[in-house]
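**Student:** I have a structure here, written as structure tokens, and I will follow up with some questions on it.
The values are calculated or read from the model by the stated rules, or taken from the named source; none is laboratory data. This one's a predicted model, so the numbers in the text were calculated from it and none came from an experiment. Quick reminder, even Gly has a Cβ in these numbers, built from the backbone with ideal geometry, and neighbours come from all protein chains shown. Side chains included, ligands, DNA and RNA excluded: accessible areas come from the protein's heavy atoms. Shrake-Rupley method; radii C 1.70, N 1.55, O 1.52, S 1.80 Å.
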Amino acid sequence: MAFFRPTILDSFKGYKQAYFFEDVLAGITVGVVALPLAMAFAIASGLKPEAGIYAAIVGGLLVALLGGTKVQIAGPAGAFIVIVYGIVDRYGVANLLLATSLSGIFLFLMGVFRLGTLVRFIPVAVIVGFTNGIAVLIILSQIRDLLGLQIDKVPSQFFSLVQSLYQEIGTFNPFAIFLSLASLAILVIWRINKKRFGMLGNVPGTIFVLIAATLTTSIFSLPIETIGSRFGGIPSSLPSPQWLGISWESAQFLIAPAMTLALLGAIESLLCARIADGLTHSRHQPNQELMGQGIANFCVPFLGGMPVTGTIARTVTNIESGARTPISAIVHSLTLLLIIILAAPLAKDIPLACLAAILIYIAWNMGEWNKFIDFKQFRLPYRITMISVFLLTVMVDLTVAVEVGLLLAFLTFIYRISSLSRIERTQAQDYPFLEDLTGKVMGYRIYGALFFGAVQLLEEIENNLPQNAVVLDFKNVIYIDSTGMDSLSELIHHCHKQGLTVYICGLAHQPHDIAKRSCFYQKMNADYFCHDLQAGLQKARQSIA
């Protein structure tokens, strides 16, 4: 299996003992950072907190062992919250686990068929639109716990969610509001001033806030919801593997959600890997990364975990802490496992208002709001695409938003490429030997790409035909598709019916290849093919003489 080679196998050339200690310390640091995030993402997704912890432990370990990057940390991500919550709300937790395993299969197949590089071709406008849309939805989904509202189940649809929040706004809990706003304020202040705190500034702000909020809630017995009051705490060990109970009746409805999970997971993971490459000056293997992510997502649900992908915040933390190899990601998983074994009973006192504040803080930072502010860097079609994807993500559905965004980007691309293609009629003064043949011989230079979006160029030629011969120069054509070849054949057929001779010049590279594959050369006499435009015009003159 030469196509399957995890990066960890090539990560230890010149490895030193000092590097190992750096990896271990980085892994411990990022493991501590990952704990509150894993619980918060799971709770926001409509799951128990342990679903996020199991995903971070098992998924992070498998991606470290089988993925295509050296320092990436995999686990639950904020981008999944909206999709996972929607699946849980519509199909239930059991079917979410099935959809996650299906997404793992799709991710693995994407890697096998070398589609890792294609994910990079998704336009920035689409990525920014749905990233900001997801951030808004995460913030909205946390308002219940942020304000301590008495809502049994938060709806997954935007308008129902807003209506529910509006109707129950009077049930707010002042203690929850105080704790959540204080937590947000500390997170912001910690980020801005952490260098002033010396060694204490190395402690992640989320950990400091989590400890402070938990102690405050316990000491003062604040009447707010905690992990213990809502979920009964978290287990102190990994669960035994369980069979998912796969059935076609369930699977057929989950293919679309699974594809959405796979696509979003691939985008998040490869974007994260590219950021890691920029920080470490290395290069990841995109297809191997997709295969590693696929195996992780296939296996995690058997232990009750939620979907995983590459996580930018934890990966950057890992790099800044000195990580060099996948050893740090392995230590990160082991650290999380050790924490739940030793400290699971303490988690029951963690206030949900604090976790809501952490999630809102993360959602705000994951959004690329500056792209909305500085719209001048985008053309009008890209602005329309970005806003459309954003609004559809927030108000309708992420799958629909991505589909519409890709369609709009596709149409914009076709328009832009077709507008760059053009034809240019030869002038008699450039070729003195044609001065006495005005109206009898006409030459055209074609520029750009002759594809289904630009075949109108040939229609322009067809509407301006001379009396005797047409010379078409393809020297500056970089691409012709099958529709372009069909249109060219139609033009030649039309010219022959009118009694005109057609000379073809300059077919090279890709246009030459498609002409051979479509048997275009066999359909025409070899005398009608010329090396360049001047030779074609000379032949046309001789044929008339």
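**Student:** Take the residues of the range 511-532 that are of a type in the set (A, V, I, L, M, F, W, C) and within 46 Å of the chain's Cα centre (by Cα): which is most open to solvent (accessible area, probe 1.4 Å)? Full working, then the answer.
**Tutor:** Of the residues in the range 511-532, the ones of a type in the set (A, V, I, L, M, F, W, C) are 514-515, 519-520, 524, 526, 529-530.
So of that shortlist, the ones also within 46 Å of the chain's Cα centre (by Cα) come out as 514-515, 519-520.
Working: I514: 17, A515: 0, C519: 66, F520: 4 Å².
Among residues in the range 511-532 that are of a type in the set (A, V, I, L, M, F, W, C) and within 46 Å of the chain's Cα centre (by Cα), the one most open to solvent (accessible area, probe 1.4 Å) is C519.
**Student:** Let me ask something else. Within the range 407-426, restricting attention to residues that are farther than 30 Å from L465 by Cβ and open to solvent by less than 40 Å² (accessible area, probe 1.4 Å), which residue is farthest from the chain's Cα centre (by Cα)? Don't jump to the end; show me each part of the working.
**Tutor:** The first filter runs over the range 407-426 and keeps only residues farther than 30 Å from L465 by Cβ, leaving 407-413.
Narrowing further to those that are open to solvent by less than 40 Å² (accessible area, probe 1.4 Å): 409, 412.
Details: A409: 15, T412: 19 Å.
By that ranking, first place goes to T412.
**Student:** Also, I was wondering about something else. Kindly indicate the residue of the range 501-510 that is of a type in the set (A, V, I, L, M, F, W, C) and open to solvent by 10 Å² or more (accessible area, probe 1.4 Å) and also farthest from the chain's Cα centre (by Cα) among those meeting that condition.
**Tutor:** Across the range 501-510, the extreme among qualifying residues is L507.
**Student:** Hydrophobic (A, V, I, L, M, F, W, C), at pLDDT below 90, in contact with a helix residue (DSSP H, G or I) (Cβ under 7 Å, 6 or more places away or on another chain) and over 27 Å from V404 (Cα atoms), is that true of F208?
**Tutor:** Working: hydrophobic (A, V, I, L, M, F, W, C): yes; at pLDDT below 90: yes; in contact with a helix residue (DSSP H, G or I) (Cβ under 7 Å, 6 or more places away or on another chain): yes; over 27 Å from V404 (Cα atoms): yes.
Yes.
**Student:** Suppose we filter A74, A42 for residues that are in contact with a Lys or Arg (Cβ under 9 Å, 6 or more places away or on another chain) and over 25 Å from H281 (Cα atoms); which single one remains?
**Tutor:** Numbers: A74 fails: over 25 Å from H281 (Cα atoms).
Unique residue meeting the criteria: A42.
**Student:** Please work out which one of (1) crowded, with 24+ Cβ neighbours inside 10 Å; (2) part of a helix (DSSP H, G or I) is the condition Q72 fails and give its number.
**Tutor:** The single condition Q72 does not satisfy is (2).
**Student:** From the list S229, S250, S221, which one is under 30 Å from the mean Cα position of the chain (by Cα) and either under 17 Å from G304 (Cα atoms) or not aromatic (F, W, Y) (or both)? Before the answer, list the steps.
**Tutor:** On the way: S229 fails: under 30 Å from the mean Cα position of the chain (by Cα); S221 fails: under 30 Å from the mean Cα position of the chain (by Cα).
On inspection, the qualifying residue turns out to be S250.
**Student:** Output the residue which, of all residues in the range 343-383 that are without any contact (Cβ under 8 Å) to a residue 12 or more places away in the chain and either of a type in the set (A, V, I, L, M, F, W, C) or in contact with a Leu (Cβ under 6 Å, 6 or more places away or on another chain) (or both), is farthest from W190 (Cα to Cα).
**Tutor:** L380
**Student:** Please go through (1) modelled with pLDDT of 90 or more; (2) among the hydroxyl-bearing types (S, T, Y); (3) not in a strand (DSSP E or B) for T412 and return the number of the only condition it doesn't satisfy.
**Tutor:** Among (1) modelled with pLDDT of 90 or more; (2) among the hydroxyl-bearing types (S, T, Y); (3) not in a strand (DSSP E or B), T412 violates only (1).
**Student:** Report yes if I446 is touching a residue at least 12 places away in the same chain (Cβ under 8 Å), open to solvent by less than 60 Å² (accessible area, probe 1.4 Å), more than 36 Å from the chain's Cα centre (by Cα) and closer than 26 Å to H512 by Cα, otherwise no.
**Tutor:** Details: touching a residue at least 12 places away in the same chain (Cβ under 8 Å): yes; open to solvent by less than 60 Å² (accessible area, probe 1.4 Å): yes; more than 36 Å from the chain's Cα centre (by Cα): yes; closer than 26 Å to H512 by Cα: yes.
In short, yes.
**Student:** Return only the number of the condition from (1) open to solvent by less than 20 Å² (accessible area, probe 1.4 Å); (2) out of contact with any Asp or Glu (no Cβ under 9 Å at 6 or more places or on another chain); (3) over 30 Å from L411 (Cα atoms) that V93 does not satisfy.
**Tutor:** Single failed check for V93: (1).
**Student:** Among the residues of the range 360-406, write down those that are over 30 Å from P76 (Cβ atoms) and either touching a Gly at 6+ places or on another chain (Cβ under 6 Å) or open to solvent by 30 Å² or more (accessible area, probe 1.4 Å) (or both). If you could, list the steps in order and put the result at the bottom.
**Tutor:** Within the range 360-406, the subset over 30 Å from P76 (Cβ atoms) is 374-384.
Listed by number, the residues that qualify are D374, F375, K376, Q377, R379, L380, P381, Y382, R383, I384.
**Student:** hydroxyl-bearing (S, T, Y) and within 23 Å of I73 (Cβ to Cβ) - does that describe any residue in the range 273-293?
**Tutor:** Residues of the range 273-293 hydroxyl-bearing (S, T, Y): 280, 282.
Going one step further and asking which of them are within 23 Å of I73 (Cβ to Cβ), we end up with 280, 282.
Within the range 273-293, one or more residues are hydroxyl-bearing (S, T, Y) and within 23 Å of I73 (Cβ to Cβ).
**Student:** Quickly run through the range 429-443 and pick out the residues that are within 15 Å of G536 (Cβ to Cβ), out of contact with any Pro (no Cβ under 9 Å at 6 or more places or on another chain) and either without any contact (Cβ under 8 Å) to a residue 24 or more places away in the chain or in a helix (DSSP H, G or I) (or both).
**Tutor:** As a first pass, look at the range 429-443 and keep what is within 15 Å of G536 (Cβ to Cβ): 430-431, 433-434, 437, 440-443.
Within this subset, residues satisfying the condition of being out of contact with any Pro (no Cβ under 9 Å at 6 or more places or on another chain) are 430-431, 433-434, 443.
Those that are within 15 Å of G536 (Cβ to Cβ), out of contact with any Pro (no Cβ under 9 Å at 6 or more places or on another chain) and either without any contact (Cβ under 8 Å) to a residue 24 or more places away in the chain or in a helix (DSSP H, G or I) (or both): D430, F433, L434.
**Student:** I've got another one for you. Which of the numbered conditions does F298 fail, given that it passes all the others? Conditions: (1) closer than 25 Å to P239 by Cα; (2) open to solvent by 10 Å² or more (accessible area, probe 1.4 Å); (3) within 18 Å of the chain's Cα centre (by Cα).
**Tutor:** (3)
**Student:** Wholly within the range 96-177, which helices (runs of 4 or more DSSP H) include no fewer than the required count, namely at least 2 residues that are of a type in the set (F, W, Y) and open to solvent by 10 Å² or more (accessible area, probe 1.4 Å)?
**Tutor:** The helices (runs of 4 or more DSSP H) meeting that bar are 158-167.
**Student:** Looking only at the range 450-473, which residues are of a type in the set (A, V, I, L, M) and either outside any strand (DSSP E or B) or open to solvent by 10 Å² or more (accessible area, probe 1.4 Å) (or both)?
**Tutor:** A454, V455, L457, L458, I461, L465
**Student:** Tell me yes or no: at least one residue of the range 55-65 is in contact with a His (Cβ under 8 Å, 6 or more places away or on another chain), within 21 Å of P326 (Cα to Cα) and not hydrophobic (A, V, I, L, M, F, W, C).
**Tutor:** Scanning the range 55-65 turns up at least one residue that is in contact with a His (Cβ under 8 Å, 6 or more places away or on another chain), within 21 Å of P326 (Cα to Cα) and not hydrophobic (A, V, I, L, M, F, W, C).
Quick grid of which residues meet (1) hydroxyl-bearing (S, T, Y); (2) crowded, with 20+ Cβ neighbours inside 10 Å:
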residue: S250; (1), (2): yes, no
residue: A258; (1), (2): no, yes
residue: G292; (1), (2): no, yes
residue: F302; (1), (2): no, no
residue: E320; (1), (2): no, no
residue: V331; (1), (2): no, yes
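**Student:** OK, next. Determine whether R422 is of a type outside the set (S, T, N, Q) and either under 20 Å from G536 (Cα atoms) or modelled with pLDDT of 90 or more (or both). Don't jump to the end; show me each part of the working.
**Tutor:** Values: of a type outside the set (S, T, N, Q): yes; either under 20 Å from G536 (Cα atoms) or modelled with pLDDT of 90 or more (or both): yes.
When the stated conditions are applied, R422 passes them.
**Student:** Being under 30 Å from I143 (Cβ atoms) and open to solvent by less than 30 Å² (accessible area, probe 1.4 Å), is that true of even one residue in the range 230-241? Full working, then the answer.
**Tutor:** Looking only at the range 230-241, we keep the residues that are under 30 Å from I143 (Cβ atoms), and these are 230-235.
Then drop every residue that is not open to solvent by less than 30 Å² (accessible area, probe 1.4 Å), which leaves 233-234.
Checked against the condition, which is being under 30 Å from I143 (Cβ atoms) and open to solvent by less than 30 Å² (accessible area, probe 1.4 Å), the range 230-241 yields at least one hit.
**Student:** Something else about it: Does any residue of the range 485-500 turn out to be part of a loop (DSSP other than H, G, I, E, B), at positive phi and modelled with pLDDT under 90? Explain how you work it out, then say what you get.
**Tutor:** Kept after step one, since they are part of a loop (DSSP other than H, G, I, E, B), are these residues of the range 485-500: 498-500.
Next cut, at positive phi only: 499.
Right, trim to modelled with pLDDT under 90 and you get none.
Within the range 485-500 (the criterion being part of a loop (DSSP other than H, G, I, E, B), at positive phi and modelled with pLDDT under 90), the answer is no, since none of the residues qualifies.
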